[in-house]
1. Between ARG271 and ARG207, take the C-beta separation as r, use R0 = 22 Å, and let me know the FRET efficiency to the nearest 0.05.
2. Can you give the % of DSSP beta bridges in segment 17-149 that are antiparallel, to the nearest 5?
3. Given points 7 Å out from each Cα along the Cα-Cβ axis, report the TYR173 to HIS22 separation in nanometres with one decimal.
4. Mean 1/r over all different Cα pairs, inverted: what Kirkwood radius does the chain give, in Å?
5. How far is helix 105-116 tilted off the main Cα axis of the chain, in degrees rounded to 10, range 0 to 90?
6. Past 23 Å, Cα to Cα: identify those pairs from LYS45/LYS113; LYS284/LYS318; LYS253/LYS277, in the order given.
7. Subtract the Cα-Cα distance of ASP76 and GLN345 from 0.36 nm times their separation in residues, and report this length gain in nm to one decimal.
8. Among the listed pairs LYS194/LYS225; LYS68/LYS225; LYS225/LYS343, which are separated by more than 28 Å between their Cα atoms?
Amino acid sequence: MNILITGGAGFIGSHLVRRLVHRYPEYHIHNLDALTYAGNLENLKDVENAPNYSFIKGDITQAAFLEKLFGQTNFDGVIHLAAESHVDRSIADPMAFVRTNVIGTVNLLNAAKTFWRKHGEHRRFYHISTDEVYGSLGETGLFSETTAYDPNSPYSASKASSDHFVRAYGETYGLPYVISNCSNNYGPNQFPEKLIPLFIRNILENRELPVYGDGNYTRDWLYVKDHAAAIDLVFHQGANQKTYAIGGFNEWKNLALVHLLCDIMDSKLGRATGSSKELIAHIKDRPGHDFRYAMDASRINRELGWEPSVTFEEGLEKTVDWYLKNTAWLQNVINGNYQRYYKEQYGG
Ligand code: NAD
Ligand code: DAU
């Protein structure tokens with residue numbers, strides 16, 4: 001089997017690539033990634049010479065490039081993760097999200113449609129999406145596969161649009177597809193623009209911890225390797241033309257999460273208990289900030305037997321340990337572009 005993974009040099013993609021390269025020596029894993037600020041081949045150093053792995057540098061916004069690629073290699077499956085993924089960046093520059101998340105996805109669908117037309121039956125286009133397409137919950141309730149779409153940010157609107165295109169290609173052209181919508185991931189190799197790695201880095205450097213608004217926003221957190229395991233399962237055993245909700249059964253208000261992270265960091269760094277909490281600063285809220293996300297992942301649990309393997313406390317400790325061991329990785333990604341982004345987003 002030739003499997004094309006897009007966005008494999010990013011956070012979730014790199015964990016998925018590693019898992020599939022190790023678990024399926026009979027497959028060839030082709031990792032297509034444009035290496036934007038979020039893509040980093042350092043994430044895959046340990047598998048770069050594996051005989052069943054290849055890297056292709058390329059941009060999914062380039063339709064002609066994708067047509068050529070699909071003409072050259074007979075892909076049996078696509079697992080599509082490449083995206084612009086950060087909500088704050090989508091507020092600053094929505095068009096980048098339209099280009100990659102919408103147009104890039106449609107380009108991939110077109111390439112698959114063209115080349116899979118004759119013998120598409122056993123193939124599968126697997127689109128990786130987010131719980132953010134469902135909008136925001138109040139204090140109670142859960143999102144599930146049947147929740148109506150109601151995206152609020154340019155990021156979630158672009159992901160919702162791409163989900164709709166995937167379903168439309170299934171309905172209109174018979175493209176065999178599957179979609180999963182997952183909650184917030186955390187773990188090693190996450191770019192330090194997202195809450196957890198940003199705050200780990202700031203605690204390390206004794207910088208302010210910028211909590212948006214009152215910090216009472218709630219997210220449902222899942223360890224990235226558990227997401228990669230779920231993707232593996234859905235790709236192999238999920239049903240065509242179906243959607244799977246994936247989540248951690250693990251809701252945290254931002255402020256409570258930050259307190260836990262501060263305690264873990266204080267203990268690991270040998271600092272006085274409570275010292276990192278003093279870095280917390282409540283800053284101007286994110287525009288259109290979704291109040292609460294929480295996924296009902298009971299379908300994937302019931303039908304495919306998936307469940308998270310680590311508790312949040314275990315996962316967060318593993319994550320902190322990874323960042324403390326990999327300070328060189330962190331330093332390498334905090335380049336000039338990152339400094340510019342940080343200044344525009346947080347000032348100072
Ligand atoms: P990421 O930002 O860490 O990685 C994205 C990758 O896509 C990078 O390697 C980047 O170089 C690549 N990429 C971006 N634009 C590209 C283009 N035009 N052509 C080719 N490659 C391009 O993202 P992530 O957090 O790993 O998320 C991966 C996927 O999972 C995304 O589709 C995201 O919407 C979805 N998702 C993420 C989370 C989360 O919490 N991080 C949760 C649910 C779903
Ligand atoms: O729910 C899945 C989504 O989770 C994914 O689709 C996205 O790709 C991913 O980025 C993530 O989106 P969030 O906006 O939930 O993640 P982020 O880490 O940016 O923020 C988590 C919460 O923390 C959110 O309520 C905003 C808050 N926050 C974030 C940052 C970066 C702060 O209070 N301060 C910050 O500096």
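1. 0.95
2. 0 percent
3. So the two model labels end up 3.6 nm from each other.
4. Result for the chain, one decimal place: 20.6 Å.
5. Approximately 30 degrees, to the nearest 10.
6. LYS45/LYS113; LYS284/LYS318
7. 92.7 nm
8. Listed pairs above 28 Å: LYS68/LYS225; LYS225/LYS343.
The values are calculated or read from the model by the stated rules, or taken from the named source; none is laboratory data. Nothing here was measured: the structure is a model prediction, and the numbers come from that model. Every residue, glycine among them, receives a Cβ derived from its backbone with ideal geometry; neighbour counts consider all protein chains shown. Remember, those area values only see protein heavy atoms, side chains included, never the ligands or the DNA or RNA. Shrake-Rupley method; radii C 1.70, N 1.55, O 1.52, S 1.80 Å.
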